[in-house]
Structure formats: C-alpha cells, structure tokens
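Here, each number is a calculation from the coordinates, and none is a lab measurement. Owing to the predicted nature of the structure, the values given are computational and were not obtained by experimental measurement. Every residue, glycine as well, gets a Cβ built from its backbone with ideal geometry; the counts of neighbours run over all protein chains shown.
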Amino acid sequence: MRILNYDGPLGSPNPAYLYGYVSDVDMGIKDRKRIGKIEADFIGGINSSLYYKGFDLYMQADGRFGGQFFSHTYKYAMQRGSLDATLYGRDKDHGGIARTNYKGETVYDGIMIEAVFLDGTKAPSKADPSKLVDVGGKTYKEAVENGLINAIQASAFYLNNYGWGANVQDPIMNNSWVVMREMTIGYKIPESILRKVRMDYARLAFSVRNPFYIYNGLKGGLNPESIQSNNPLTPYEYGGVPYSRNFSVSLNIKF
C-alpha cells in the first residue's frame, strides 16, 4: 500500500486540503530501483491475402510484446482532468464519496485513496479544519470513515498527484500492442466489361492504414507509436501525437 502525507492547504479563502503520495526521496531512500525494462520480449507481424470471384482482401498486422513505456502526456492529462479515468470521484455516479464543503454542505466529489498515512502525519480535523489531528499510521480510508478528516476533493487529488515530477509510478505502462496495420479490399473488373472499353486490366481498391489497435497496453487510449524517438533507450513520450488513420482509393488500369 502506498504512503500518504498531508501536503497543506491550497487556495484562499476556502482552501482545498491536499494529500499526496510520498516518494522514496521524501523517505530518504536513495537506492535505485528497477521499475521495468526497455526492451520488448519479442516483436512480430503477420499478413494474409484472400481471393474470391474477382475480389481480393489483404490484411497486415504487427505488434510488440513486453517492456515499459513512460507517458508525460498521461501525467498532465490526468492532472488537468482530460482523461476518462479522472471521472472517478467527481460525483456520486462516478464513485464520489461524501465530504463537507466550505459551506457546510454534504457533496459527493470526494475520492477514496488506497494508502496509509506516514507516521507522525497530522491533518486538518473534519470537525474543525483550523486544528490538526494525528492520522499517522492510519489508512486514509480509516481516517475518512471514522470522521477524523474530510475526504479530499477529486479534482484536488488529481491536481496534487499528477503532473510535474509527481507520482512516477502510474505513467509507467505496459508497452505491448498489436495494431491492424493495413486492410485493402480490391475488385478486379471482369474481362467482359473491359473488352467493351478496350482495356486489358482494371482493378479498383480501397485501403486503410492503421485502422485500429487490436490490443493497446497503454492507459487512456494513448498512442504507443507516439514515443519520443526511435532510440530504444528513450521509451517515453512528451506531448505525443494522436493516433491517425490514412484512407485511399486506387484504380489500376492497363490498355
């Protein structure tokens, strides 16, 4: 279970009380840890062609399996509330828990955090926010459900725990994916028709490149191929490009 601390108030005159994850650096731990690996376990692809009564279908897929990916886009999109994942906790329908706002009203935009407070942590009392209560060693859930503290507002949680250099664990993702790289369907026009227009051959085809991911291991629908560069030692992206598709229609003729 992750460790939590009280990070202080934010805003005035009605501040949000912030709770944030504690990092190894905050704990005085400087030893490096292995958090993943860059290299894929394996990569590969497959293609196939089918023919039937003048129609032809070509499909090509390829993929990567294994290794990790770090997304700065995910960090900042989570912080700004741009991803579907940040709907969690915004209201009762999305799992928001009760908290008391500055007007004394009960609202349901609090968020539950699976974490335990750092020993010695003191946080604003739910009964009187001007006073601090000892929550050290307690889980966040215990502190909230026992009425010791007010639940943190979901938007304040995302703001405080994503972006900048915060919470480096969540943006580390499984860099495995399988993409349908190309699909082409063609039709060879019958010779009986071609003879009337004095053609030897004609084929009409419709193609789409990168139509969809069969599997995408990244969170938030991010594009695995928006990686910063093709350098295998830089497995991250910073403001990656969105996923795009290309469509084309072709007509090949021979006289």
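With R₀ set to 22 Å, the beta-carbon distance separating Met59 from Asn246 gives a calculated FRET efficiency near 0.90. Please work out the C-alpha center-to-center distance from the range 7-32 to the range 97-153 and express it in whole Å. The range 7-32 and the range 97-153 have Cα centres separated by 15 Å. The 3J(HN,Hα) values that the Karplus relation (6.51, -1.76, 1.60; θ = phi - 60°) gives for the range 2-16 are, in residue order, 6, 9, 10, 9, 8, 9, x, x, 9, x, 7, x, 10, x, 8 Hz. Gly and Pro appear as x. Amide H contacts for Glu182 (H built 1.01 Å from N in the peptide plane; partners 5 or more residues away or on another chain; cut-off under 5 Å): Gln60, Asn210.
Each residue of the range 131-141 was assigned a 3J(HN,Hα) from its phi angle through the Karplus expression (A = 6.51, B = -1.76, C = 1.60, θ = phi - 60°), giving 10, 9, 10, 7, 10, x, x, 8, 6, 4, 4 Hz with x at Gly and Pro. Per the Cα gyration tensor, the range 139-243 maps to an equivalent ellipsoid with semi-axes of 54, 18, 11 Å, ordered largest to smallest.
By the helix-only formula, in which each DSSP H run with n ≥ 4 contributes -39500 (n - 2.57) and the sum is divided by residues, the chain has a 222 nm mean residue ellipticity of -2500 deg cm²/dmol. At full extension, Lys196 and Lys30 could sit 51.7 nm farther apart than now, given 0.36 nm per residue minus the alpha carbon distance. Dipole magnitude for the range 1-114: about 160 debye, using +1 per Lys or Arg Cβ and -1 per Asp or Glu Cβ, origin at the Cα centre.
Note on Leu132/Asp93: beta-carbon distance plugged into 1/(1 + (r/R0)^6) with R0 of 41 Å gives a FRET efficiency of 0.80. Length, then width, then depth: along the principal axes, the Cα atoms of the range 1-108 run 74, 42, 23 Å. Here the 3J(HN,Hα) profile of the range 26-42, calculated from phi with Karplus coefficients 6.51, -1.76 and 1.60 at θ = phi - 60°, is 4, 8, x, 8, 10, 5, 6, 10, 7, 10, x, 9, 7, 6, 6, 5, 6 Hz, Gly and Pro shown as x. Normalised by the number of residues in the chain, the mean separation of alpha-carbon contacts (under 8 Å, six or more apart) gives a relative contact order of 21 percent. Computed from the C-beta positions of Phe212 and Glu145 and an R0 of 51 Å, the FRET efficiency is 0.75 to the nearest 0.05.
In this Cβ point-charge picture (+1 for Lys and Arg, -1 for Asp and Glu), the chain has a dipole of about 1060 debye about its Cα centre.
Taking Cα centre as origin and charging only the Cβ of basic (Lys, Arg, +1) and acidic (Asp, Glu, -1) residues, the dipole magnitude of the range 131-228 rounds to 700 debye. Close amide-amide hydrogen proximity is noted between Ala151 and Thr100, each under 5 Å apart and 5 or more residues distant or on a separate chain (H modeled in the peptide plane; Pro and chain starts excluded). Between Asp170 and Leu204, the contour length at 0.36 nm per residue exceeds the Cα-Cα span by 7.5 nm. Ranking Asn246, Ile149, Ser125 by Cα position along the charge dipole of the chain, where only Lys, Arg, Asp and Glu carry charges on their C-beta atoms, puts Asn246 farthest toward the positive end.
In the range 85-231, taking the dipole from charged Cβ atoms about the Cα centre, the farthest positive-side position among Pro171, Thr139, Leu159 is held by Pro171. Here are some values of log10 I(q)/I(0) by the Debye sum over Cα atoms at q = 0.09 Å⁻¹: [x] -0.59; [y] -0.40; [z] -0.50. Which one was computed from this structure? Read-out taken from this structure: [x].
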